[in-house]
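Single-structure report; data block below.
We did not get these values from a lab; they are worked out from the coordinates using the rules stated. Note that the structure is a prediction, hence the values are computed from the model and not measured. All Cβ positions, glycine included, derive from the backbone under ideal geometry; neighbour counts span all protein chains shown.
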Amino acid sequence: MATKLGGLRTKLGSYYPYYLIIPAILYYIAFWAIPAASGVALAFQGPKGFTLRYFQYVIRDPYFYQALGYTFVFLAISVTVEFILALAVALLINTGFKGASIFLFVALIPMVLPEISYGAIWATGYAQHGWLNSLLVHVGLMDPSQPMAWLAYGKIARWMALLIVAEAWRGLPSVMIILLAGLQGISKEYGEAARIFGATGFQTLRKITIPLLKPSIQTALILRAIGAVQIFVIITVIFGHRNLPVLVEEAVYYFRELHQKQLGAAYALIIMGIVVTLSVLYLWLSGSFKGEEGRGE
Amino acid sequence: MRKLFAFFLIASLVGGAVLAETTLSVVSRVFSPPEEQKFIREEIIPLFEAENPGVKVDFEILTDSEMLDKLVAQKQAGNTTIDVLISYVSNFARLVEAGVVADLTDEMDVVAPDRTLSAGFLAQGQFDGKQYFIPFAGDDYVLVINRAALDYLPAGVALDSLTYEDLIAWLKNIYDATGMKAFALPGVRMGLLTYIVGSTILAYGGCFPELNSDAAQQAWDVWYRMYPYINDNWVTYKMVNDAMLREETWIAITHVARAGMVYLSDPTKFTLAPIPFGSVDRGSVAGNNSLALAEYAPNRELGLKFIEFMTRPEIQAKIAQGVSFNPAVAEAVKYIPPGPARDIIEVANIGMSGRVAFIPGPTAEGGDWGVVKQVFEDAFYYICARGKGVDPVYLDMQQDIINMQYLEPPCK
Amino acid sequence: MVSEMALAPQGVGVNWRRFSGLTMTYLAVAGIALFILVPVYFLFILAFMSKAEVYSWPLPLFPQHFTLDNFRFFLTINPKIIPSIWRSIEVALTTILIALSIGGLAGYSFARFRFRGKNALKLSVLFVRMYPGVAVAIPMAVLFMRLGLYDTPFPIALALNYGVGNIGLTIWITASIFLGINEELEEQAMVLGLSRMGAFFRITLPLAAPGLAAAAIYTFIGAWNEVVIATLMTQFNPTLAAVTYHTVAAAAGSLHLQSAGGAFMAFPALIFTFIIKRYIIQMWGGVRI
């Protein structure tokens with residue numbers, strides 16, 4: 001029996017790690033790769049065989065560029081907002097103040113609600129006679145005869161802000177959970193050592209906590225970004241199709257409403273391509289490709 | 001924990017084994033509001049089950065795309081479980097094209113004996129001379145009004161002889177007095193907007209779906225002038241019900257079933273009126289809800305029986321009272337007692353007495369009604385929302401797109 | 001926080017550092033809690049109002065006529081609602097089983113070992129998530145139908161389907177967690193005589209528990225709420241999400257009923273989350289070496 005982990009690794013042969021992964025791989029091949037492949041094939045299936053025309057259509061479609069723009073703006077702002085909020089919440093909870101466990105539960109609630117409720121809440125919230133305006137009236141901040149039309153046509157910036165608020169509300173727990181789980185893996189010793197050496201809370205945060213938290217932050221950011229790029233249901237429920245075009249919503253629009261399956265499939269492929277590129281770029285920039293290390297990613 | 005798991009497993013297996021009777025699967029995109037669903041499940045279906053002992057009807061609401069997707073997927077997998085479907089005319093062509101509905105031409109005696117089905121609706125359900133769809137409920141467009149708005153009605157104008165010009169003046173009165181943009185337009189894409197504008201075009205003597213004729217241009221001008229009084233949130237209105245019930249808006253033109261729902265929620269607060277007159281007559285696009293038998297239905301005979309049941313005049317009358325649709329069977333009216341339900345139908349019928357058009361299914365290969373709707377919606381944005389006004393050149397271009405969905409232009 | 005307080009200067013007058021630290025904390029907590037709870041509050045009270053009240057303007061902050069009718073209606077409108085609750089639980093638990101076992105193993109492998117093709121595999125796991133689910137939904141449904149798994153009383157097809165998304169997520173979360181757990185702990189345990197497996201179960205797993213709990217929550221909620229695939233893949237044996245969607249979600253002019261349906265669906269999910277959250281908290285006092 002080897003005493004060092006490294007020794008054990010080479011002794012058992014380098015196949016051990018693969019054994020652990022094979023179930024996952026097989027699972028994916030069977031239940032995802034095969035259906036996905038047929039979805040991908042669809043994007044190239046013209047009436048007369050292999051064709052690229054659907055991609056050409058997408059590239060020439062002005063809505064595509066609008067959707068691209070909006071999706072990215074949304075992505076950038078909402079992920080940033082969510083990350084800051086989630087980090088704040090995670091740090092707060094981690095301090096273990098009295099009532100922190102209740103606060104944790106509260107922070108998880110938005111994640112728990114079904115999609116239908118989520119859409120209904122914000123659609124009725126932003127309606128002219130909805131609960132947001134009602135609340136503002138009760139508090140005296142709004143005149144009941146002049147309720148604000150949050151969803152008025154043509155106010156794209158306002159819509160974007162509304163969307164970001166709604167999504168931040170919903171996405172906060174997802175990010176927070178990952179960060180919190182990571183925080184709890186960080187030994188308190190680090191924080192105490194820093195304190196002994198006279199670091200302020202903020203310095204501790206910057207120099208110690210965040211670097212230690214890097215794997216979790218990375219996971220959270222990427223997952224959230226992937227989710228953000230694919231946003232669509234909430235937009236359709238509140239704003240309807242095409243009023244605030246975003247990528248997946250366009251794909252679904254072609255797919256479901258206009259019954260252009262190939263066009264929808266082409267869109268889906270393009271979306272995936274964009275997300276893959278982004279992720280690879282991010283991972284490369286953050287140095288995750290430095291050797292195939294077991295740690296330090 | 002493991003015991004709990006095993007318990008659930010066994011419980012569900014047992015539950016599944018209990019289904020010893022025959023189950024007739026009916027899927028519908030109509031009757032989606034919960035009250036309507038409850039009505040069908042509790043008032044209509046038990047009657048059918050009573051007539052057919054040992055039969056249980058499984059009634060499920062699906063959206064248009066779910067229904068199509070499911071039928072197609074089931075067909076591809078060789079395992080169809082759906083027997084009867086209830087769908088709206090805008091989906092007929094696609095369903096036929098996908099090959100998932102059965103040809104009922106030879107079964108007309110079985111499904112509709114001794115009754116007069118609306119000829120126009122029957123024609124909508126025919127493709128290549130074969131009858132696929134059996135109409136059972138029709139709809140057209142009406143005005144639904146919050147009584148608070150009546151105070152601002154222009155002098156000398158009566159609700160049952162309202163014209164579009166009167167409507168604009170009325171909305172202006174409300175706006176000037178209260179600052180409220182009182183008209184609700186369902187602006188969400190792929191919604192009812194196309195049919196509402198189309199109804200206006202009909203009222204000015206035009207044809208549907210032709211949006212560049214002289215008559216159509218007059219209609220567009222009406223909407224251009226009405227636009228300042230359309231509630232700012234219109235692009236997010238999928239159906240106008242919520243807006244009307246919340247009193248964000250006071251007036252709307254909408255599908256009779258939706259209007260009926262608003263009206264019935266409080267007949268003292270709301271009222272109905274027939275769709276307004278244009279320069280030629282009233283106009284309304286009419287659609288129909290029909291039953292069809294799934295091509296590979298596992299319970300074919302039972303399915304046919306169900307279709308026959310739904311077109312029976314007494315049942316038609318009952319449905320019309322419960323859900324504010326127009327019966328498609330002429331004899332049904334005899335069975336409806338006076339009351340709010342009857343009022344709704346009568347208002348709708350007045351609209352049907354004007355210039356009525358049906359939705360022409362696209363005939364060209366790859367033609368899609370969704371494209372037609374998109375064109376109308378885009379035109380509305382262009383002319384009204386972005387304020388470009390009535391632009392004949394633009395309209396001609398858009399009409400070309402519409403015409404491409406058909407082998408021959410649907411108008412003229 | 002505690003150590004900070006202990007080290008704070010016992011100076012003149014109020015200990016500002018301690019005071020402001022706590023106040024700031026509570027202020028921040030209150031602000032965020034309010035942000036989260038206000039919309040939820042409205043969702044729930046709308047469920048207890050009558051239709052007339054739900055549409056009144058301005059919306060009352062508390063129902064004048066508190067009513068349970070909406071819930072009653074929701075539960076009776078469709079006979080399938082009660083059985084569907086069981087089915088949703090079954091799907092969720094099965095999916096967790098699949099995701100944690102398969103995903104956890106793979107995550108451990110990614111965290112601890114280096115091997116060829118690792119980065120490629122890591123990316124491909126992520127890759128799956130990047131492909132919009134909508135495009136895969138129908139081919140997946142057809143696949144399961146062909147396997148004879150359509151609309152089974154025990155919703156195995158749904159669990160398998162949800163597993164796809166959740167395994168990937170679990171792999172990422174667990175890899176990240178295992179990375180945070182010092183490898184030397186396992187080494188020391190093995191020096192002391194435990195096998196690799198033993199080290200894993202006695203040392204690593206308990207430390208990883210918060211992360212695993214996080215993955216479990218995600219999986220449960222996802223499976224519980226998922227509606228697109230559920231509606232495609234079921235007919236006579238739907239999950240709660242599917243039935244609720246078909247019963248009340250699409251309803252315009254029935255906001256009170258939509259809210260009742262949504263609130264009802266949220267209850268079990270909230271309870272599960274509450275239980276799991278305690279599990280995460282317990283780990284605070286956990287092993288620290």
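So what is the relative contact order for the range C:14-70, in percent, with contacts set as C-alpha pairs under 8 Å and at least six apart? Spell out each step's value before the answer.
Numbers: 24 pairs, mean separation 16.3, N = 57.
Result for the range C:14-70 is 29 percent.
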> What list of ³J(HN,Hα) values in whole Hz, one per residue of the range C:127-137 in order, does the Karplus curve 6.51 cos²θ - 1.76 cosθ + 1.60 (θ = phi - 60°) give from phi, with Gly and Pro shown as x?
Replying inline: 3, 4, 5, 7, 8, x, x, 4, 6, 8, 4
>> Let me confirm one metric for peptide A:196-207, namely the mean number of other chain beta-carbon atoms within 10 Å of its residues' beta-carbons.
In response: 1
> Relative contact order for chain A: what is it in percent, counting Cα pairs under 8 Å that are at least 6 residues apart?
Replying inline: 26
>> Can you tell me the mean projection area, over all orientations, of the convex hull of chain B's alpha carbons? Units nm², please.
In response: 23.5
>> Only counting other Cβ atoms within 10 Å, I'd like B:Val96, C:Val91, A:Val165 sorted with the fewest neighbours first.
In response: A:Val165, B:Val96, C:Val91
>> Please list, ordered by chain and number, the residues whose modelled amide H lies under 5 Å from the amide H of B:Asp58; skip anything fewer than 5 residues away on the same chain.
In response: B:Leu24, B:Ser25, B:Val26
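For the range B:324-383, which GluC sites (Glu not before Pro) are both in a DSSP coil and crowded by at most 14 other Cβ atoms within 10 Å?
Qualifying residues, ordered by number: B:Glu365.
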> Where a ≥ b ≥ c are the square roots of the eigenvalues of the C-alpha gyration tensor, would you call the range C:213-267 rounded, which needs a/c under 1.5, or, failing that, prolate if a/b is larger than b/c, or oblate?
Replying inline: oblate
> Straight-line reach from B:Lys56: which lysines have a Cα under 28 Å away, not including same-chain ones fewer than 8 places off?
Replying inline: B:Lys38, B:Lys70, B:Lys75, B:Lys305, B:Lys318, C:Lys80
> Counting only residues 5 or more places away or on other chains, whose amide H sits under 5 Å from the amide H of B:Val101 once H atoms are built in the peptide plane?
Replying inline: B:Glu295
> Tell me which aspartates and glutamates have Cα within less than 19 Å of A:Lys214's Cα, excluding those fewer than 8 residues away on the same chain?
Replying inline: A:Glu82, A:Glu189, A:Glu292, A:Glu293, A:Glu297, C:Glu183
>> Please list, ordered by chain and number, the residues whose modelled amide H lies under 5 Å from the amide H of B:Ala137; skip anything fewer than 5 residues away on the same chain.
In response: B:Asn289, B:Ala328
> In the range A:45-106, which trypsin sites (Lys or Arg not before Pro) fall in coil by DSSP and have 10 or fewer other Cβ atoms within 10 Å?
Replying inline: A:Lys48, A:Lys98
> Between rounded, prolate and oblate, where does chain C land on the alpha carbon gyration tensor, with a ≥ b ≥ c its root eigenvalues, rounded for a/c under 1.5, else prolate if a/b exceeds b/c?
Replying inline: oblate
> Can you pull the mean other chain C-beta count within 10 Å for peptide A:273-279?
Replying inline: 3
>> Can you sort B:Asp221, B:Asp266 from fewest to most other Cβ atoms within 10 Å of each residue's own Cβ?
In response: B:Asp266, B:Asp221
> Mean residue ellipticity at 222 nm from the helices of the protein assembly as shown, using -39,500 (n - 2.57) per DSSP H segment of n ≥ 4 over the full residue count, to the nearest 500 deg cm²/dmol?
Replying inline: -18000 deg cm²/dmol
> Antiparallel as a % of all DSSP beta bridges within the protein assembly as shown, to the nearest 5?
Replying inline: 60
> Which ³J(HN,Hα) values, rounded to whole Hz and listed in residue order, are derived for the range C:108-115 from phi using the Karplus coefficients 6.51, -1.76 and 1.60 in 6.51 cos²θ - 1.76 cosθ + 1.60 with θ = phi - 60°, glycine and proline given as x?
Replying inline: 4, 4, 4, 6, 9, 10, 10, 7
> Got a sec? How would B:Cys384, B:Cys207 order by Cβ neighbour count within 10 Å, fewest to most?
Replying inline: B:Cys207, B:Cys384
>> Please state the shape class of the protein assembly as shown: rounded when a/c is under 1.5, otherwise prolate if a/b exceeds b/c and oblate if not, all from the C-alpha gyration tensor.
In response: prolate
> Can you give the mean number of other chain Cβ atoms that lie within 10 Å of the Cβ atoms in peptide C:116-127?
Replying inline: 5
> If you take the Cα atoms of the range B:186-264, find Rg, then find the Kirkwood Rh from the mean of 1/r over all pairs, what is Rg/Rh?
Replying inline: 0.99
> Straight-line reach from A:Lys155: which lysines have a Cα under 30 Å away, not including same-chain ones fewer than 8 places off?
Replying inline: B:Lys172, B:Lys181, B:Lys238, B:Lys373, B:Lys388
> Taking chain A as a Gaussian network, where each spring joins two C-alpha atoms under 10 Å apart, which residue of A:Tyr153, A:Tyr27, A:Tyr65 fluctuates the most?
Replying inline: A:Tyr27
>> Apply the Karplus curve 6.51 cos²θ - 1.76 cosθ + 1.60, θ = phi - 60°, to the phi angles in the range B:156-161 and return the couplings in whole Hz, x for Gly and Pro.
In response: x, 9, 10, 4, 8, 9
> Of all the Cα-Cα pairs you can form in the range A:52-291, what percent are over 27 Å apart?
Replying inline: 48
> When ranked by the protection proxy of mean other Cβ atoms within 10 Å per residue, highest first, what sequence do the peptides C:193-200, C:126-133, B:140-147 form?
Replying inline: B:140-147, C:126-133, C:193-200
> What Cys residues in the protein assembly as shown have no fellow cysteine's beta-carbon under 4.7 angstrom?
Replying inline: B:Cys384
